[in-house]
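A short worksheet on the structure shown next.
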Amino acid sequence: MSLPGSEELVGAPPVFAILCDDHDTPLPPKVEGARLFLAGGLCGAPVRIQELPLDGGDGVRLVLGLHPGEFELGAVQTALRRIGVDPLGVEIVDLPAASGSADRLTTLLAGAVARVRRFPGATPEETKLRIPGAFSRRALLRMEAPVYIGAPRIDPQACVAGTGCHVCVPACPAGALTFASGSIAYDKETCIACGICVTTCTTGAVRNPTAVPEGVADQIAAYVRTSQDPAVGVVYICRDGAIPPLPEGMYPVRVPCTGMLTVGWLLAPLTMGAGTVVALPCGTVGCGLGNEERLAGVVGDAATILGVVEAVAGRVGHRLVGPPSPPLPDLEMPEDAFGPAGEAAVVAALASSLAAPEAEIALGSARLGWVTIDEAVCTACTRCAQVCPTDALAHRDVDGTIEIDFDPMLCVACGTCVEVCPESGANELWRGLRWPDLVAGPQVLRRETTATCEVCGGPIAPSAMLDRIAAMLGDEHAATLKLISRRCLRCR
């Protein structure tokens, strides 16, 4: 199985792993892909980072191994900023107690190194300052340092709000996004940086530097590749949540909030060699962002999809119930599995490899959709295909006939096609999964002839559209109808 991150990234910045060596923690002799430094008292005095010879320039990436409960994140980030290192590009690994496993720590560090190498850098726009609302005992006598978290940024070149897409707006739980005049406005102060807009966006135009899909994929791949136990599990945990004691073989993947997860993000690790995937709700780990309801819907849909095939049922959930299951055989992670349209590819990979039965499953949260067109209502204006952000709907003119195609592998069930259709009821979106049809390839939903100009022979409009205009005009406008149905705009 070929996994991402198994080869060195061309031009990747140097990575340093700095581990606190207090408490007789069993530390590995080396960390693959990174230079290793040990520092006593690092948790309580993160300024010691400044004493280390971290040569690598502005692009240096760090992995810190610290003991849970013995360090303050704000103080660590302050020390990092003093040496010119972006705190958002640093992965922190919880060091085990003295009785912990060195092999497990090696796997944790390998995952952190793989992920931090994908950090794209963060602009001031993508950095949000959060003032602590509570103080630890150690911080009672002094002001606790603020914490920096990643914030989303919208790439105007990739955003397709100009064609009517605004699925990120209703998805934002904080109301930080608004749609007006063909563009998305973002209020950074209102934003809670939960990451939901990142995974909701249909084109990948929204980015949070701390939740880059490639970085998450590489981290999971490193866990699978490095672990000495073939049974590896993934545990998604909110950024602000405490990592609970994890069963042997289960490894954490931090995200801004588990409410941002999609069915694709839950199922993709299964195609990479992980045997079990758990997404812990905000309340269980003390995150506080409160997106449990959204997560419950996504986990439910993922479990429903797997439940169709009894052999893989129970591999996705939101509770820690024990060690991971063995990996599924003969699976290959599809390209861009964590991308906007990766959900269908992941589900298709599972379906083809697991001999899924012919079944139709209605889903409420999955980014899987099926579009249908009512020929009796549709005028073949092709507006739906023009605005489809993923090109799941496409149109073409074949020898004077308009065809509208639909590819379910590209559909993310955003509903933009239904929203912009000028003819009420002309198209419908069904959210769910049809196992046999998903991989059947594009199909033609609509064919309609095009009337041609009697003067120049150029196209005028779809015949169905002219019929609709005729019905609207009536007999009293017969002369006008004759003109517009026989000549194009240029020849009238």
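The values are calculated or read from the model by the stated rules, or taken from the named source; none is laboratory data. Everything quoted here is computed from the prediction, not taken from an experiment. Cβ: placed from backbone, ideal geometry, glycine included. Neighbour counts: every protein chain shown.
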>> For the stretch 200-231: of the residues being assigned to a loop (DSSP other than H, G, I, E, B) and of a type in the set (A, V, I, L, M), which is farthest from Thr163 (Cα to Cα)?
In response: Ala231
> If you go through the stretch 30-66, how many residues are of a type outside the set (A, V, I, L, M, F, W, C), within 24 Å of Ala102 (Cα to Cα) and within 30 Å of the chain's Cα centre (by Cα)?
Replying inline: 4
>> Here are the criteria: (1) charged (D, E, K, R); (2) touching a strand residue (DSSP E or B) at 6+ places or on another chain (Cβ under 7 Å); (3) farther than 25 Å from Pro170 by Cβ. Tell me which single one Glu428 does not satisfy.
In response: (3)
> Of the residues that sit in the stretch 443-473 and are surrounded by 15 or more Cβ atoms within 10 Å (Cβ to Cβ) and within 29 Å of Glu343 (Cβ to Cβ), which one is nearest to the chain's Cα centre (by Cα)?
Replying inline: Leu445
> Listed residues Leu267, Leu261; which is buried (at least 22 other Cβ atoms within 10 Å of the Cβ), more than 20 Å from Ala114 (Cβ to Cβ) and either in contact with a Leu (Cβ under 7 Å, 6 or more places away or on another chain) or of a type in the set (Lys, Arg) (or both)?
Replying inline: Leu267
> For the stretch 130-158, how many residues meet the condition of being modelled with pLDDT of 90 or more and of a type outside the set (Ser, Thr, Tyr)?
Replying inline: 11
> Checking Ala356 against (1) modelled with pLDDT under 95; (2) at negative phi; (3) out of contact with any helix residue (DSSP H, G or I) (no Cβ under 8 Å at 6 or more places or on another chain), which test does it fail?
Replying inline: (3)
>> If Gly297 meets every condition in (1) surrounded by fewer than 21 Cβ atoms within 10 Å (Cβ to Cβ); (2) modelled with pLDDT under 95 apart from one, which number is that one?
In response: (2)
>> Name the residue that is surrounded by the most Cβ atoms within 10 Å (Cβ to Cβ), counting only residues in the stretch 51-69 that are touching a residue at least 40 places away in the same chain (Cβ under 8 Å) and farther than 20 Å from Pro14 by Cβ.
In response: Leu66
> Here are some conditions: (1) buried (at least 22 other Cβ atoms within 10 Å of the Cβ); (2) assigned to a strand (DSSP E or B); (3) modelled with pLDDT under 95; (4) not charged (D, E, K, R). Val234 meets all but one. Which one does it not meet?
Replying inline: (3)
> Out of all the residues in the stretch 66-89, which are over 15 Å from Arg48 (Cβ atoms) and of a type in the set (A, V, I, L, M)?
Replying inline: Leu73, Leu88
>> Need the failing condition index for Thr390 against (1) touching a helix residue (DSSP H, G or I) at 6+ places or on another chain (Cβ under 8 Å); (2) closer than 25 Å to Ala341 by Cβ; (3) crowded, with 20+ Cβ neighbours inside 10 Å; (4) not hydrophobic (A, V, I, L, M, F, W, C), just the number.
In response: (1)
> Among Val113, Val85, Val93, Val76, which is the only one that is modelled with pLDDT of 90 or more, part of a loop (DSSP other than H, G, I, E, B) and hydrophobic (A, V, I, L, M, F, W, C)?
Replying inline: Val85
>> Just to be sure I understand the filter: pairs with C-beta atoms under 6 Å, separated by 6 or more residues or on different chains, first member in the stretch 329-342 and under 19 Å from Val312 (Cβ atoms), second member of a type outside the set (A, V, I, L, M) and at pLDDT 85 or above. Which pairs pass?
In response: Leu331/Thr271; Met333/Thr271; Gly342/Gly264; Gly342/Asp336
> Taking the stretch 240-251 only, how many residues are of a type outside the set (A, V, I, L, M) and surrounded by fewer than 21 Cβ atoms within 10 Å (Cβ to Cβ)?
Replying inline: 5
> With Ala337, Ala296, Ala345, Ala302 as the choices, which residue is touching a Leu at 6+ places or on another chain (Cβ under 9 Å) and part of a helix (DSSP H, G or I)?
Replying inline: Ala302
> Failed condition for Ser352, given (1) of a type in the set (Ser, Thr, Tyr); (2) surrounded by fewer than 21 Cβ atoms within 10 Å (Cβ to Cβ); (3) part of a loop (DSSP other than H, G, I, E, B), with all others met?
Replying inline: (3)
